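*Asks:* One structure coming up, written as C-alpha coordinates, with questions to follow.
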Amino acid sequence: MSADFSFIPLLTGIGGAALGVWITISRTKYTAYSADFSKRMEQLNASVDKLSDCACRYWINDATDKLKVEADYVLGLKSSLSVAIDALNRDYKGFNGRQILDAFGRLDTACTGRNFPSREVAPGHSLPLAEILNTAENLKCEILRARKNNYRWRDAVRKPKTSVGL
(Lines give C-alpha, C1' and ligand atoms only; values in the text may rest on other atoms or scores of the structure.)
Protein backbone atom coordinates (compact mmCIF):
# COMPACT_ATOMS: atom_id res chain seq x y z
CA MET A 1 0.00 0.00 0.00
CA SER A 2 1.38 3.35 -0.93
CA ALA A 3 0.42 6.52 0.85
CA ASP A 4 -0.83 9.44 -1.18
CA PHE A 5 1.16 12.57 -0.24
CA SER A 6 -0.37 14.95 -2.75
CA PHE A 7 -1.77 17.14 0.03
CA ILE A 8 1.74 18.18 1.22
CA PRO A 9 2.33 20.70 -1.62
CA LEU A 10 -1.13 22.10 -0.98
CA LEU A 11 -0.43 22.56 2.75
CA THR A 12 2.98 24.07 1.99
CA GLY A 13 1.37 26.52 -0.43
CA ILE A 14 -1.31 27.52 2.08
CA GLY A 15 1.30 27.95 4.83
CA GLY A 16 3.51 30.06 2.55
CA ALA A 17 0.57 32.21 1.50
CA ALA A 18 -0.47 32.77 5.13
CA LEU A 19 3.09 33.73 6.06
CA GLY A 20 3.27 36.11 3.09
CA VAL A 21 -0.01 37.77 4.11
CA TRP A 22 1.18 38.16 7.71
CA ILE A 23 4.50 39.69 6.61
CA THR A 24 2.74 42.09 4.24
CA ILE A 25 0.27 43.22 6.90
CA SER A 26 3.04 43.68 9.48
CA ARG A 27 5.18 45.71 7.08
CA THR A 28 2.21 47.86 6.05
CA LYS A 29 1.33 48.61 9.67
CA TYR A 30 4.93 49.45 10.52
CA THR A 31 5.28 51.68 7.46
CA ALA A 32 2.10 53.57 8.33
CA TYR A 33 3.07 54.00 11.98
CA SER A 34 6.65 55.05 11.22
CA ALA A 35 5.50 57.53 8.57
CA ASP A 36 3.00 59.00 11.03
CA PHE A 37 5.66 59.15 13.75
CA SER A 38 8.12 60.91 11.44
CA LYS A 39 5.49 63.41 10.33
CA ARG A 40 4.54 64.18 13.93
CA MET A 41 8.20 64.60 14.86
CA GLU A 42 8.69 67.09 12.03
CA GLN A 43 5.62 69.01 13.20
CA LEU A 44 6.96 68.98 16.74
CA ASN A 45 10.31 70.40 15.61
CA ALA A 46 8.49 73.09 13.61
CA SER A 47 6.52 73.98 16.76
CA VAL A 48 9.74 74.26 18.77
CA ASP A 49 11.15 76.61 16.12
CA LYS A 50 7.98 78.69 16.12
CA LEU A 51 7.94 78.95 19.93
CA SER A 52 11.60 79.96 20.11
CA ASP A 53 11.15 82.51 17.31
CA CYS A 54 8.11 84.09 18.95
CA ALA A 55 9.72 84.07 22.40
CA CYS A 56 12.79 85.87 21.03
CA ARG A 57 10.54 88.40 19.28
CA TYR A 58 8.60 88.84 22.52
CA TRP A 59 11.72 89.60 24.56
CA ILE A 60 13.10 92.14 22.08
CA ASN A 61 9.59 93.60 21.59
CA ASP A 62 9.74 93.25 17.80
CA ALA A 63 6.94 95.44 16.42
CA THR A 64 6.88 93.93 12.92
CA ASP A 65 4.22 91.37 13.85
CA LYS A 66 2.01 92.36 16.78
CA LEU A 67 0.63 88.84 17.24
CA LYS A 68 4.04 87.24 17.72
CA VAL A 69 5.02 89.63 20.52
CA GLU A 70 1.91 89.03 22.62
CA ALA A 71 2.51 87.15 25.86
CA ASP A 72 -0.70 85.15 25.40
CA TYR A 73 0.43 83.99 21.96
CA VAL A 74 3.77 82.75 23.33
CA LEU A 75 1.96 81.00 26.19
CA GLY A 76 -0.46 79.44 23.68
CA LEU A 77 2.42 78.12 21.58
CA LYS A 78 4.02 76.69 24.71
CA SER A 79 0.75 74.99 25.67
CA SER A 80 0.31 73.60 22.16
CA LEU A 81 3.82 72.16 22.23
CA SER A 82 3.15 70.64 25.63
CA VAL A 83 0.01 68.90 24.37
CA ALA A 84 1.86 67.54 21.31
CA ILE A 85 4.70 66.16 23.44
CA ASP A 86 2.24 64.54 25.82
CA ALA A 87 0.33 62.93 22.92
CA LEU A 88 3.49 61.51 21.36
CA ASN A 89 4.62 60.20 24.72
CA ARG A 90 1.31 58.37 25.14
CA ASP A 91 1.22 56.97 21.61
CA TYR A 92 4.79 55.81 20.94
CA LYS A 93 7.27 53.68 22.84
CA GLY A 94 10.81 54.93 22.95
CA PHE A 95 9.81 58.58 22.85
CA ASN A 96 12.14 59.37 25.79
CA GLY A 97 9.30 61.11 27.58
CA ARG A 98 11.30 62.06 30.65
CA GLN A 99 14.33 63.39 28.74
CA ILE A 100 12.15 65.34 26.33
CA LEU A 101 10.06 66.73 29.18
CA ASP A 102 13.24 67.87 30.95
CA ALA A 103 14.46 69.61 27.78
CA PHE A 104 11.00 71.13 27.30
CA GLY A 105 11.07 72.38 30.90
CA ARG A 106 14.37 74.15 30.25
CA LEU A 107 12.93 75.73 27.08
CA ASP A 108 9.83 76.77 29.01
CA THR A 109 11.96 78.46 31.67
CA ALA A 110 14.05 80.21 29.03
CA CYS A 111 11.00 81.45 27.09
CA THR A 112 8.63 82.40 29.89
CA GLY A 113 10.84 82.57 32.97
CA ARG A 114 12.22 85.65 34.68
CA ASN A 115 9.79 88.58 34.54
CA PHE A 116 7.97 87.28 31.49
CA PRO A 117 4.79 89.33 31.52
CA SER A 118 6.59 92.63 32.14
CA ARG A 119 9.67 92.00 29.91
CA GLU A 120 11.88 93.42 32.64
CA VAL A 121 15.48 92.24 32.74
CA ALA A 122 17.48 92.61 35.94
CA PRO A 123 20.38 95.07 35.77
CA GLY A 124 23.56 93.36 34.62
CA HIS A 125 21.65 90.59 32.85
CA SER A 126 21.08 90.30 29.13
CA LEU A 127 17.97 89.26 27.27
CA PRO A 128 17.48 85.46 27.30
CA LEU A 129 17.74 85.15 23.51
CA ALA A 130 20.81 82.89 23.45
CA GLU A 131 19.35 80.72 26.20
CA ILE A 132 16.06 80.38 24.28
CA LEU A 133 17.83 79.36 21.08
CA ASN A 134 20.17 76.92 22.85
CA THR A 135 17.42 75.21 24.82
CA ALA A 136 15.27 74.99 21.67
CA GLU A 137 18.11 73.22 19.84
CA ASN A 138 18.62 70.88 22.80
CA LEU A 139 14.93 69.97 22.74
CA LYS A 140 15.05 69.33 19.00
CA CYS A 141 18.11 67.10 19.50
CA GLU A 142 16.22 65.06 22.10
CA ILE A 143 13.24 64.77 19.75
CA LEU A 144 15.46 63.58 16.90
CA ARG A 145 17.19 61.10 19.21
CA ALA A 146 13.78 59.67 20.10
CA ARG A 147 12.93 59.49 16.41
CA LYS A 148 16.12 57.56 15.66
CA ASN A 149 15.60 55.18 18.59
CA ASN A 150 11.98 54.44 17.70
CA TYR A 151 12.59 52.48 14.50
CA ARG A 152 12.27 48.97 15.84
CA TRP A 153 9.21 47.55 14.12
CA ARG A 154 7.79 45.56 17.01
CA ASP A 155 8.05 48.50 19.42
CA ALA A 156 6.85 51.24 17.08
CA VAL A 157 3.46 51.72 18.69
CA ARG A 158 2.34 51.47 22.26
CA LYS A 159 -1.09 51.25 23.67
CA PRO A 160 -2.41 54.56 25.01
CA LYS A 161 -1.64 55.22 28.65
CA THR A 162 -2.29 57.99 31.07
CA SER A 163 -0.77 61.41 30.59
CA VAL A 164 2.78 62.06 31.80
CA GLY A 165 1.65 65.40 33.17
CA LEU A 166 3.33 68.53 31.99
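*Asks:* Any residue that is surrounded by fewer than 16 Cβ atoms within 10 Å (Cβ to Cβ), over 19 Å from the mean Cα position of the chain (by Cα), modelled with pLDDT of 90 or more and assigned to a helix (DSSP H, G or I) - is there at least one of those in segment 138-149?
*Replies:* No, the conditions are met nowhere in segment 138-149.
*Asks:* So is LYS93 in contact with a Cys (Cβ under 8 Å, 6 or more places away or on another chain) and basic (Lys, Arg) or not?
*Replies:* So LYS93 does not fit the description; no.
*Asks:* Within segment 97-137, how many residues are over 16 Å from LEU44 (Cα atoms), touching a helix residue (DSSP H, G or I) at 6+ places or on another chain (Cβ under 6 Å), among the aliphatic types (A, V, I, L, M) and outside any loop (DSSP other than H, G, I, E, B)?
*Replies:* Qualifying residue count, segment 97-137: 3.
*Asks:* Looking at the structure I just gave you, is LYS68 among the basic types (Lys, Arg) and not in a helix (DSSP H, G or I)?
*Replies:* no
*Asks:* Read through the list (1) within 30 Å of ALA130 (Cα to Cα); (2) surrounded by 10 or more Cβ atoms within 10 Å (Cβ to Cβ); (3) of a type outside the set (S, T, N, Q), then give the number of the only condition that ALA63 fails.
*Replies:* Result: ALA63 passes all but (2).
The values are calculated or read from the model by the stated rules, or taken from the named source; none is laboratory data. Everything numeric in this text was worked out from a predicted model, so none of it was measured. Positions of Cβ are backbone-derived with ideal geometry, glycine not excepted, and every protein chain shown enters the neighbour counts.
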